[in-house]
Amino acid sequence: MSSLYTLIDNAPLDRRNTFRVSARAAWLAEVRAPAALSELLAKPETRGRPVLVLGEGSNVLFTREFDGLVVAMTNRGIEVLADEGETVHVHAAAGEDWHGLVRWSLAQGLCGLENLSLIPGTVGAAPIQNIGAYGAELAETLTAVEAFDRQAHAQVRLNREQCGFSYRQSLFKQQPDRWIITAVELRLQRSAPLKLDYAGVREELTAMNVTQPTAKGVSEAVCRLRRRKLPDPAVIGNAGSFFKNPIVTSDEAARLQREHRGLPSFNAPDGKKLSAAWLIESCGWKGFREGGAGVSDKHALVLVNHGHATGAQIWALAQRIRDSVQERFDIRLEPEPRIL
Ligand code: EPU
């Protein structure tokens, strides 16, 4: 076996998904260097099998065993590629912890990632769903992704335009069997304008007695908001938002808002983004629990595992929620995590 990866058969995944559901993978590879991927994926055990790239497993729901190869990139390293004064180009390995990278950037006096503080997961997972929170998206700072292309069987570098980013969407999410992300490149600033417009951010800074916000201050405000509003996966199994916020035409949003007073809407590139949490809460699901599966009482968009729920039970609950929202609002919610 190569020293650059470890391959295990019939591997338990219980500790590798933040829902904390029980599942196994036919094969699991921990890959310490991208150079090992070519050899690993040519092995008879792994060739042609479905591949699932798993970081910290914070955006996945296993509903059954995975009869394929789980790849966990554990390569590390954050480095400055070029320092142009105001702009600094940074390279980060896929196996780094996302929030660790955010903290590193703030410690260097760099801005751009502060609104994305405390998002669970690895750096390599971040581009897959184009992580976003508190008015920022990864795609705004990302300049390139390094990945192994299983189709070409080669290591490639894709620039931002090639990554096909939009709200919680990317090329990597659309072609999950093709790409294994190995590193990202980011363009950070020494004094970028701060993004304070997302509801709650300014209020949190005021509550912290901050009058002259810095990137570090915004990061702290976001951490405080997240800790208060979202259940901590270390305490109760969950994968963050379980559904995407639906995007509808402006006319459709106006019609729904006439029929349902208080439904929040936000501008989106192709119309209006509605609050899935609001739709779910108004169907009465917030805090609902059946056996081990439930809906967080902190945030209606987060499904939780109170302990011992199976992935299939959580998925069954998700489908009931989706059906009830469809019936009441005629909107079909799409899951945000990958369902396997
Ligand atoms: N709301 C409810 N009930 C709730 C929670 C929220 O009605 O239980 C309504 C409120 O009106 C609130 C609005 O929903 O004003 C928006 O809530 P929030 O600010 O929490 O944002 P969200 O749209 O529900 C999105 C992301 C989160 C991200 C937050 C903050 C998606 C699918 N989710 O949630 O991302 O942290 O914004 O920016 O876009 C994740 O992707 O896993 C995730 C947690």
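List of remarks:
- Among Val88, Val145, Val123, residue whose mean-square fluctuation peaks in a GNM of the chain (springs only between Cα atoms under 10 Å): Val88
- Distances between every pair of Cα atoms in the chain, grouped in 10 Å steps from 0 to the bin holding the largest one, split as 5, 24, 32, 26, 11, 1, 0 percent.
- Around Glu96: net Lys/Arg minus Asp/Glu count, Cβ-Cβ under 14 Å: -2
- Under 12 Å, Cβ to Cβ, from Gly217 - net charge with Lys/Arg +1 and Asp/Glu -1: 0
- Share of pairwise Cα separations in the stretch 78-189, more than 24 Å, in percent: 18
- Length released on extending from Arg289 to Lys195, taking residue separation times 0.36 nm less the Cα-Cα span: 30.2 nm
- Estimated FRET transfer efficiency when R0 is 30 angstrom, pair Glu39-Gln174 (beta carbons, to 0.05): 0.65
- Cα point-scatterer Debye curve for the stretch 1-61, base-10 log of I(q)/I(0) at q = 0.12, 0.16, 0.20, 0.21 Å⁻¹: -0.30, -0.53, -0.81, -0.88
- Cβ-Cβ distance of Arg64 and Glu281, R₀ of 35 Å, FRET efficiency by 1/(1 + (r/R0)^6): the value works out to about 0.70.
- Its relative contact order, with pairs defined as Cα atoms under 8 Å and 6+ residues apart, puts the chain at 16 percent.
- Kirkwood analysis of the Cα pair distances in the stretch 14-101 returns a hydrodynamic radius of 14.8 Å.
- Whichever lysines have a C-alpha closer than 21 Å to that of Lys229, once near sequence neighbours (fewer than 8 apart) are set aside: Lys195, Lys216, Lys244, Lys273, Lys286, Lys298
- Environment charge at Asn10 (Cβ cut-off 10 Å; Lys +1, Arg +1, Asp -1, Glu -1): -1
- Stretching Asp9 away from Gln319 to a fully extended chain increases their span by 108.4 nm, per 0.36 nm per residue minus the current alpha-carbon distance.
- Dipole of the stretch 237-339 computed with +1 at Lys/Arg Cβ and -1 at Asp/Glu Cβ about the Cα centre; of Val304, Gln257, Phe242, farthest Cα towards the positive end is Val304.
- Added length on full extension, which subtracts the Cα-Cα distance from 0.36 nm per residue, Ser250 to Glu334: 28.3 nm
No lab work stands behind these numbers, since they all come straight from the coordinates. Fair warning: this is a prediction, and the values are worked out from it, not measured in the lab. No Cβ is skipped: glycine too gets one built from the backbone with ideal geometry, and neighbour counts run over all protein chains shown.
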